[in-house]
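Here's the structure we're looking at; comments come further down.
The values are calculated or read from the model by the stated rules, or taken from the named source; none is laboratory data. Nothing here was measured: the structure is a model prediction, and the numbers come from that model. Glycine gets a Cβ as well: all are built from the backbone with ideal geometry, and neighbour counts include every protein chain shown. When the accessible area is computed, the model is the full protein with side chains, heavy atoms only, and any ligands, DNA or RNA have been set aside. Shrake-Rupley method; radii C 1.70, N 1.55, O 1.52, S 1.80 Å.
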Amino acid sequence: MKELEYPFDSEFILKKRKALKKTLLGEKEQSRLKKRIAILGGSTTHDIRDMLELFLLNTGIEPVFYESEYNQYWQDVMFDNPELVSFQPDILYIHTSSRNIKDFPAVGDSEEQIEELAESVYAPFEQMWSKIEASYRCPVIQNNFEPPAYRMLGNADFSNPCGRVSFINRLNAKFAAYAAAHQNFYIHDIHYMASCYGIQKWSDPLYWHMYKYACAVQAIPELAYNLANIVKSIYGKNQKAFVLDLDNTLWGGVVGDDGADNIEIGQETPVGQLYSEFQAYLKAHKDLGILLTVNSKNDEENALAGLNRPDSILKPEDFLVIKANWENKDRNLLEIAEELNIGTDSLVFVDDNPAERHIASSRVPGVKVPELADAAGFITTLDRAGYFEVTNLSADDLERNRMYQANAERKKQEAGYANYADYLLSLEMDAQICPFAPVYMARIAQLTNKSNQFNLTTKRCSQSDIERIAEDASYITLYGRLEDRFGDNGVVSVVFGHRDAEDETLFHIDLWLMSCRVLKRDMEFAMMDELVSQCAARGLKRLKGYYYPTAKNGMVKDFYGMQGFTQTGGDAEGNTEWEFVIPERYEKKNKVIKVNGELPTA
């Protein structure tokens with residue numbers, strides 16, 4: 001819904017919240033991910049809840065909420081509020097602010113006294129976080145502290161340890177250190193948000209003293225949107241790729257008319273500096289694993305000439321796909337998604353032309369199309385939109401561009417073989433298939449939330465969920481990591497399931513997924529072989545699999561049939577059940593991948 005995309009009209013959203021919610025809930029329910037979110041507040045939170053619900057619904061997440069009573073956040077956790085315990089949150093958000101700091105240093109306090117006071121303010125938070133980790137084992141989102149509304153010491157409030165600014169910075173540093181040392185713990189940076197919004201407007205005392213709002217009502221949509229970005233990132237709703245126009249987007253001017261020598265880029269002019277800064281911002285995203293592509297109405301020769309200028313920060317080799325042609329840009333967007341093997345909802349289309357933006361947003365399902373005014377605001381708009389919010393940054397993320405480039409090399413290799421089996425053998429694939437290991441927990445959780453095309457049950461898991469499953473003796477868990485002659489694909493497949501509580505010979509497959517970048521390379525057969533081996537070792541005789549259709553996973557609706565399962569049930573919605581009886585002499589299906597050091601059967 002465009003009204004809920006950044007930049008948005010906060011006043012409009014506050015006034016029309018009920019109508020917007022009704023519209024969002026009227027959309028197809030099957031595609032929404034349902035999650036239980038507990039909001040524990042040190043101030044009034046019901047408007048935050050309502051705004052957060054809208055932004056999450058717009059990302060495909062349908063939240064159910066628990067709210068603590070006013071300023072009962074610590075007590076609810078530490079004294080096991082029965083309602084919170086029975087709610088069993090998937091995410092727990094602690095909405096505290098500088099208003100919840102009761103004691104600040106006095107002028108003249110020593111460094112030892114100030115540190116002791118800081119520790120006394122901080123300690124209850126860490127105590128609460130530890131209790132949450134032990135009792136709920138769910139992701140925690142914790143506000144840091146916004147700057148104070150006033151400075152008793154003026155500018156010295158920052159540098160003097162007795163100043164409130166200095167004290168809040170000290171506390172925020174403690175929060176940041178805890179976050180760095182603990183997975184599944186995320187800081188909601190209201191310190192930065194309040195600074196951007198304007199601390200005088202954000203901390204309007206009227207709203208606190210009248211209604212116990214920690215920030216002005218008008219700022220709540222901004223806060224909720226930023227919070228929703230963290231939640232959607234935890235559940236894999238981030239975008240994956242920039243699709244970039246060139247003329248007046250990556251440089252000033254039109255390269256086809258002005259020539260590559262006359263476009264504005266580099267340090268010679270203020271406008272050129274603006275575009276250089278924007279290119280540097282985009283290139284930094286590439287280092288985070290975000291894919292860069294080009295979609296430009298241009299002759300390819302002119303496009304490459306612009307990118308090959310010595311002062312262009314982005315070069316042709318920085319882009320996985322370059323569509324510089326005279327086709328409609330909506331068609332190019334569809335082709336880019338197909339070539340990268342990702343959904344169009346993973347794309348962010350950046351174009352200075354409002355007509356092109358309108359066509360793309362109306363014709364390409366799910367593509368994100370930010371509204372851009374002028375080059376001076378490009379970075380701010382994209383940065384605040386939170387398309388690529390970082391919660392877990394795995395080694396595979398950092399290697400994503402290299403992995404996609406390697407896939408392009410594999411496609412070239414495939415073209416040289418008439419026999420597909422010979423092509424697979426030529427890849428010299430080597431897989432590691434093992435029970436879940438701590439080093440891969442973050443990546444496994446990430447895959448459950450990102451893999452859409454090859455996810456048979458559409459189950460999504462947080463890292464805490466994965467860790468719980470790995471510790472449960474009734475479960476069998478497997479991850480698959482794949483290397484070949486072109487490079488390391490990383491962890492690409494996940495399977496887990498549990499023994500039936502009543503029939504100890506029956507195993508239920510709760511989740512089976514695989515990254516789309518290794519489809520049709522027989523990794524699914526290697527995973528099946530290992531799953532059967534693990535089940536047989538535990539005395540299990542039958543495997544039961546489930547397929548729940550979505551808009552994206554239709555390509556695997558017959559997956560279990562290909563693995564030798566027999567369909568045992570189904571309904572009008574396309575949901576199916578399958579069963580596999582383990583034979584006394586199981587013949588391995590994988591013929592081309594070396595697994596855990598063992599060569600495949602001939």
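Any idea what the relative contact order of the chain is, in percent, if you count C-alpha pairs under 8 Å spaced at least 6 apart? Numbers along the way, then the final one.
Values: 1033 pairs, mean separation 59.5, N = 602.
In percent, rounded to a whole number, it is 10.
So which GluC sites (Glu not before Pro) in the range 59-138 end up in coil per DSSP with only 15 or fewer other C-beta atoms within 10 Å? Present the calculation step by step, with values, prior to reporting the outcome.
Values: sites: Glu67, Glu69, Glu83, Glu111, Glu112, Glu115, Glu116, Glu119, Glu126, Glu133; in loops: Glu69.
For GluC sites (Glu not before Pro) across the range 59-138 that sit outside H, G, I, E and B with at most 15 neighbouring Cβ atoms in 10 Å, the list reads Glu69.
Any aspartates and glutamates with Cα under 18 Å of the Lys557 Cα? List them, leaving off those in the same chain fewer than 8 positions away.
Asp510, Asp522, Glu524, Asp571, Glu573, Glu577, Glu579
How high is the relative contact order of the range 156-285? Use alpha-carbon pairs under 8 Å, at least six apart in sequence, and give a whole percent.
On the way: 84 pairs, mean separation 13.2, N = 130.
The normalised contact order for the range 156-285 reaches 10 percent.
With the alpha-carbon atoms as the only input, what is the per residue convex hull volume for the range 107-154 in Å³? Before the final figure, lay out the partial values.
Details: hull volume 4.3 nm³, N = 48.
It is 89 Å³ per residue.
Going Cα to Cα from Lys297, which aspartates and glutamates come in below 13 Å? Please leave out same-chain ones fewer than 8 positions away.
Result set, ordered by chain and number: Asp245, Asp247, Asp257, Glu327, Asp330, Asp351, Asp352, Glu356.
Averaged per residue, what accessible surface does the range 40-166 expose to a 1.4 Å probe, in Å²?
Details: 5430 Å² over 127 residues.
About 43 Å² of surface per residue is accessible.
Quick check for me: using +1 on Lys/Arg Cβ and -1 on Asp/Glu Cβ, what's the dipole size of the chain about its Cα centre, in debye to the nearest 20?
Roughly 1220 debye, rounded to the nearest 20.
Using a 1.4 angstrom probe, figure out how much accessible area the range 388-476 has per residue, in square angstrom, rounded to the nearest whole. Walk me through the numbers before you get to the answer.
Working: 3960 Å² over 89 residues.
Per residue, the range 388-476 has an accessible area of 45 Å².
If you roll a 1.4 angstrom probe over the protein chains with everything in place, what fraction of the accessible area of the range 374-426 belongs to carbon and sulfur, to the nearest %? It would help to have the intermediate numbers written out before the result.
Values: 1380 of 2680 Å².
Here carbon and sulfur together make up 51 percent of the probe-accessible area.
How much of the accessible area of the range 37-133, probe 1.4 Å, is carbon plus sulfur, in whole percent? Intermediate values should be presented prior to the final figure.
On the way: 1930 of 3970 Å².
So the carbon and sulfur contribution to the accessible surface is 49 percent.
Using alpha carbon coordinates only, what is the Rg to Rh ratio of the range 323-437, with Rh defined as the Kirkwood radius?
Working: Rg = 18.8 Å, Rh = 17.5 Å.
In the range 323-437, Rg relative to Rh is 1.07.
Which percent of the accessible heavy-atom area of the range 225-368 goes to carbon and sulfur, probe 1.4 angstrom?
On the way: 2580 of 5630 Å².
Carbon and sulfur: 46 percent of the exposed surface of the range 225-368.
Using the Kyte-Doolittle scale, which helices in the chain average at least 1.0 and also have C-alpha atoms spread 30 Å or more along the helix axis, with helices defined as whole DSSP H runs? The partial results should precede the final answer.
Values: long enough: 111-135 (35 Å, -0.58).
Helices meeting the criterion: none.
Among rounded, prolate and oblate, which fits the range 265-319 when a ≥ b ≥ c are the square roots of the eigenvalues of its C-alpha gyration tensor, a/c under 1.5 means rounded, and a/b larger than b/c means prolate?
On the way: a/c = 1.95, a/b = 1.04, b/c = 1.86.
It comes out oblate by the Cα gyration axes.
Need one number: convex hull volume per residue for the chain, Cα atoms only, in Å³.
On the way: hull volume 111.7 nm³, N = 602.
Per residue, the Cα convex hull of the chain comes to 185 Å³.
What nm value, rounded to one decimal, do you get for the distance between Ser120 and Trp326 when each label is placed 7 Å out toward the C-beta?
7.7
Sum -39500 (n - 2.57) across every DSSP H segment of at least 4 residues in the chain, then divide by the residue count to get the 222 nm mean residue ellipticity, nearest 500. Walk me through the intermediate numbers first.
On the way: 25 runs with 246 residues, N = 602.
Taken over the chain, the calculation gives -12000 deg cm²/dmol.
Keeping every protein chain present and rolling a 1.4 Å probe, give me the accessible area per residue for the range 174-224 in Å².
Normalised by residue count, the accessible surface of the range 174-224 is 46 Å².
For the range 453-602, compute Rg over Rh where Rg is the Cα radius of gyration and Rh is the Kirkwood radius from the inverse mean 1/r over Cα pairs. Mind dumping the intermediate values first?
On the way: Rg = 15.2 Å, Rh = 16.1 Å.
Rounded to two decimals, Rg/Rh equals 0.94.
Label Ala179 and Ala415 with points 7 Å out from Cα along Cα→Cβ: what is the distance between them in nm?
Placing both labels 7 Å along Cα→Cβ, they lie 4.6 nm apart.
Using a cut-off of 21 Å between alpha-carbon atoms, which lysines can reach Lys34, once sequence neighbours fewer than 8 places away in the same chain are excluded?
Lys18, Lys21, Lys22, Lys232, Lys237, Lys450, Lys459, Lys552
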